[in-house]
Amino acid sequence: MEKRIIKVERLNENYFEVQHRTGLKIIVFKTLGYSTSYAILGVNYGSTNNRFIDKTGRFLDTPLGIAHFLEHKMFENEDKTDTFELFAKTGASANAFTDFEKTAYLFSGAGYLEENLKILLNFVMHPYFTEETVKKEQGIIAQEIKMYEDSPSWQVFFNAASAMYQKHPIANDIAGTVDSIATITPELLYTCYNNFYSLNNMILTIVGDFDEEQVINLVDKLLSDCKVETKTASAKTYYEIEPAAVKTHRISKILPVSITLAEIGFKENAYTLQENFLRQFVYKIVLDMIFGRASKFYEEVYKEGLVTDSFDTDVIWGAGYLALLISMETAEPDKLYDMIIEEIKRQREHGLNKEDFELCKKSLLSHLIKTTEDLDDFALLLLDITRAGYDLDFVFKFVENISFKDAEQLIYEGFKQERSVLSFVQAK
Amino acid sequence: MVVRTKLQEGIFFNSIVDNKFKNNVVTIHFILPLNEKNVSANAIVTSVFKSKLKLAEFNKKLKALYDASIFVEVKKFAGCQDVSIGVQYIKNRYTMGNENIAKTAVELLFACITNQLTDEKIELEGKKQELCDSIKADFSDKVLYAKKRCKEIMFESTVCALDPKGTLEGVNKLLEKEVTEAYYRILEAAQIEIISIGDEQCNFIVQEVLAKGFGKITSKKRIQKKLSAYDFRKEEKYVIDKMEVEQAKLTIGFIKPIDFIEDNIAQTCILNNIYGGSAVSKLFCNVREKLKLCYYCGAEYDNFTGGLTVNSGVDKQNLEQASEAIIREFKSMQNGEFSEEDVSKAKLDYKNRLKILTDSLDYLTMWYETRIFEDNPISPEDFCNMVDKVDKQSIVEQARKFIMTTKYVLEGVN
């Protein structure tokens, strides 16, 4: 085991990053005064990894939504025990989720850390799928998909993604479609599991008020007990080359809403996961400067009643994609789109304001500090930082060192009208 | 532990010291009786409070305070309307130069409240639109909408059926005079509960600033918060709404008569947990996992009304089967068809949730808001002790007090 102590100067706290001999990376952060411990086991396998070259060199095109389906099925065990029942014996709350690039299994519990970690590692490392249980899950997930079909915020987001990306699988819904999940079989699930669920393709993050050394030794012991063999590298995801241009500039959907929901997206130049992870911070500052709560633009559109206070900005990023999103409730999505394009032009002509830059950078730093306050958000932040190959101290320092010039550069390089989309959901 | 201080007649400061968080939070609750006549006018005062939040210069001041955030909300607790405003700000030790920001943050908060005292005119149309947009937004999320509709039907003919945001019609009819009256009613006549969660020094500063601030506001006799008992409909009612939805939303409501406030809260919470409050509950295991009828099927209990609602999303052709299964599972609770082990698991789960709650500033704030409304400001730790005393018999007793009164379905047009 290789252990590294990371000193986070901004927080005046330390944490451990351990490279276990099985390949599992373990992050242990002591959060003084907290009553519960929170652990999250992240697998680098999400909805965008559905096409891949397997370990034998074979190309596989698996059904949309299979990573999410696999997440659901991992909770059933060969000895017929139910994972939720096992956690219920310790009182821990367990859950899981799948996003574009990872599947995460997690629990939150007061005490019983050893028992809970044992359950977590055991169920994720021991798959068990049958025809019968797969069929059962197809019905449940079909209902989940239908629930999202009725969700305007979900629909407006995925329509924006599908308008921006022509080839990248981010354009597809994480859960897939009712038709795509109907083709999933136990064999396919085992294939995906065996290609991605290797310990060296996972990160375990544990936060809570405990002795870090004891927790590291505990995980080491549990990994030995799990009798899990160290596996070789996982499969390689296949991505088609994504054209620079968007697929379509305007996309809309009719749903029973009483106020129109809109998202304006900018497809940015995308790099590797590592690069995009850092670039998101610079973009966040620039978005906040131009469209944030303290911007003249926000004041104008909010005061005039063109948007509600749900107006917000976000950056989505990952391997091969980086996009900016401005979301809002508005009766006039086209007008807002034009105003946003005009505002970007104006900012390019007049240049960004240095004082605003300093305020927005300070604000981003505060946001990062705030994220460390809630155990679930914090564990997830540590997981994402580690997935990208960095540590928390590096991230704080990176943000502190973002220069005004970095921000200025983005406003000229990015936010291109020809790579923008307008997605909205409105009533009939 | 809550240290409760009376700042003046009808104004209370509730200080909760917690040093582990990196932020402090202060919320000010203006509590008034919920009634049809005033509900929309009181609700629009949230927009008056928000006026400054539209200004870039004001927001820059908040950003300079390490992105302190001010938020407003209007909600209800049974027959009370709660118009609130709060601020969350970072602790001094996480600022770049150990700056003292508590005082400025709370002063900015107070400036939002007293905003209208210095402004001559309320921009009424903008505020009406803002509140109407907020009412309309609640319609977009169909899962939440179905829940809300079911409660409207369950509590019909009582004030508990009212939306604390008011109605579109009520908001649109408001005159400037009525809004001004509501603003002064809230400032001068509402019971005020201030909740400050943070380190001791900051809570002290907050108390000082707010005591001074409210000291300058003319107070009329403040209306003391009052919880009432309601006589809800006991007959069954089935309502179907039709809309362009892919999946039908099914909500079933059960009512238990309570006097003012739930006296058996721990027992009823454990009942709710076994029935539909966890991933090993009867609803999750049977309606979702065994019958495969839905993705979500869970129960919620409101101890201010005694209403328990089950929410689910199912295919239209399975509505009857799902409804029967949900009711059957509740009957099994009334018949005591659950084990001692189920009780132990539910108690453990519930206590774990209470501990998770103490680790979140947002959840902790919500916890104390509710407890202060109940006039029972106990800590989550105290509640754990109450949960420990719950036994199977007491759960069955509580289950038997419920009757199913409402079935609401939001289904597709075709």
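Could you please find all residues in segment A:108-166 being of a type in the set (A, V, I, L, M) and under 15 Å from residue A:66 (Cα atoms)?
Matches in segment A:108-166: A:134, A:140, A:141, A:142, A:145.
Quick one: how many residues across segment A:108-132 are touching a residue at least 60 places away in the same chain (Cβ under 8 Å), of a type outside the set (A, V, I, L, M) and more than 10 Å from chain B (Cβ to nearest Cβ)?
So the count comes out to 6.
Between residues in segment A:170-187 that are more than 16 Å from residue A:51 (Cα to Cα) and residues that are basic (Lys, Arg), which pairs lie under 9 Å by C-beta distance while being six or more apart or on different chains?
As it stands, the answer is A:178/A:146; A:186/A:73, since those pairs meet every condition given.
Residue by residue, here is whether (1) over 27 Å from residue A:149 (Cα atoms); (2) in a loop (DSSP other than H, G, I, E, B); (3) under 25 Å from the mean Cα position of the chain (by Cα) holds:
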| position | (1), (2), (3) |
| --- | --- |
| B:252 | no, no, yes |
| B:274 | yes, no, yes |
| B:287 | no, no, no |
| B:297 | no, no, yes |
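Of the conditions (1) surrounded by fewer than 21 Cβ atoms within 10 Å (Cβ to Cβ); (2) modelled with pLDDT of 95 or more; (3) within 14 Å of chain B (Cβ to nearest Cβ); (4) under 30 Å from residue A:16 (Cα atoms), residue A:354 satisfies every one except a single condition; which number is it?
The single condition residue A:354 does not satisfy is (4).
Quickly run through segment A:12-26 and pick out the residues that are touching a Leu at 6+ places or on another chain (Cβ under 8 Å) and under 21 Å from residue A:367 (Cα atoms).
A:15
Which is more than 14 Å from chain B (Cβ to nearest Cβ) and buried (at least 22 other Cβ atoms within 10 Å of the Cβ), of A:78, A:101?
Residue meeting the stated conditions: A:101.
Return the residues of segment B:348-374 that are in contact (Cβ under 8 Å) with a residue 24 or more places away in the chain, facing chain A (nearest Cβ under 8 Å) and under 21 Å from residue B:309 (Cα atoms); say none if nothing qualifies.
Listed by number, the list holds a single entry, B:349.
Which residue out of A:45, A:34 is surrounded by 14 or more Cβ atoms within 10 Å (Cβ to Cβ) and within 14 Å of chain B (Cβ to nearest Cβ)?
A:34
Residue pairs, Cβ under 7 Å, 6 or more apart or interchain, first in segment A:284-307 and more than 7 Å from chain B (Cβ to nearest Cβ), second of a type in the set (S, T, N, Q) and surrounded by 22 or more Cβ atoms within 10 Å (Cβ to Cβ). List them.
Cβ pairs passing all conditions: A:288/A:363; A:289/A:295; A:306/A:330; A:307/A:330.
Can you report the number of residues in segment A:403-428 which are surrounded by fewer than 18 Cβ atoms within 10 Å (Cβ to Cβ) and in a loop (DSSP other than H, G, I, E, B)?
Residues flagged as surrounded by fewer than 18 Cβ atoms within 10 Å (Cβ to Cβ) and in a loop (DSSP other than H, G, I, E, B) within segment A:403-428 amount to 4.
Give the residue that is surrounded by the fewest Cβ atoms within 10 Å (Cβ to Cβ), with candidates limited to residues of segment B:47-98 that are small (Gly, Ala, Ser) and over 30 Å from residue B:304 (Cα atoms).
Per the stated criteria, the residue is B:97.
Of the residues that make up segment A:241-250, is at least one surrounded by fewer than 17 Cβ atoms within 10 Å (Cβ to Cβ), among the acidic types (Asp, Glu) and more than 14 Å from every other protein chain (Cβ to nearest Cβ)?
The answer is no; no qualifying residue exists.
Of everything in segment A:314-344 that's free of Cβ contacts under 8 Å to residues at least 60 places away in the same chain and closer than 13 Å to residue A:414 by Cβ, which residue is surrounded by the fewest Cβ atoms within 10 Å (Cβ to Cβ)?
Among them, the one singled out is A:315.
For segment A:142-161, what are the residues that are out of contact with any strand residue (DSSP E or B) (no Cβ under 7 Å at 6 or more places or on another chain) and either within 30 Å of residue A:270 (Cβ to Cβ) or part of a loop (DSSP other than H, G, I, E, B) (or both)?
Result: A:145, A:148, A:149, A:150, A:151, A:154, A:158, A:161.
Is there any pair linking a residue in segment A:206-217 that is in the same structural domain as residue A:379 (by TED's automatic domain parsing) to one that is buried (at least 17 other Cβ atoms within 10 Å of the Cβ), with Cβ under 7 Å and at least six apart or on different chains, and which?
Listed by first residue and then by second, the contacts come to nothing, as the list is empty.
Condition first: aromatic (Phe, Trp, Tyr) and under 17 Å from residue B:75 (Cβ atoms). Now tell me which residues in segment B:119-178 satisfy that.
Hits for segment B:119-178 are B:145, B:155.
Being of a type in the set (Asp, Glu), without any contact (Cβ under 8 Å) to a residue 60 or more places away in the chain, more than 20 Å from residue B:154 (Cβ to Cβ) and assigned to a loop (DSSP other than H, G, I, E, B) narrows it down to one residue among B:259, B:263; which is it?
Going through B:259, B:263 in turn, just one is of a type in the set (Asp, Glu), without any contact (Cβ under 8 Å) to a residue 60 or more places away in the chain, more than 20 Å from residue B:154 (Cβ to Cβ) and assigned to a loop (DSSP other than H, G, I, E, B): B:263.
The values are calculated or read from the model by the stated rules, or taken from the named source; none is laboratory data. All values reported here derive from a predicted model rather than from experimental measurement. Glycine also receives a Cβ, built like all others from the backbone with ideal geometry; neighbour counts cover every protein chain displayed.
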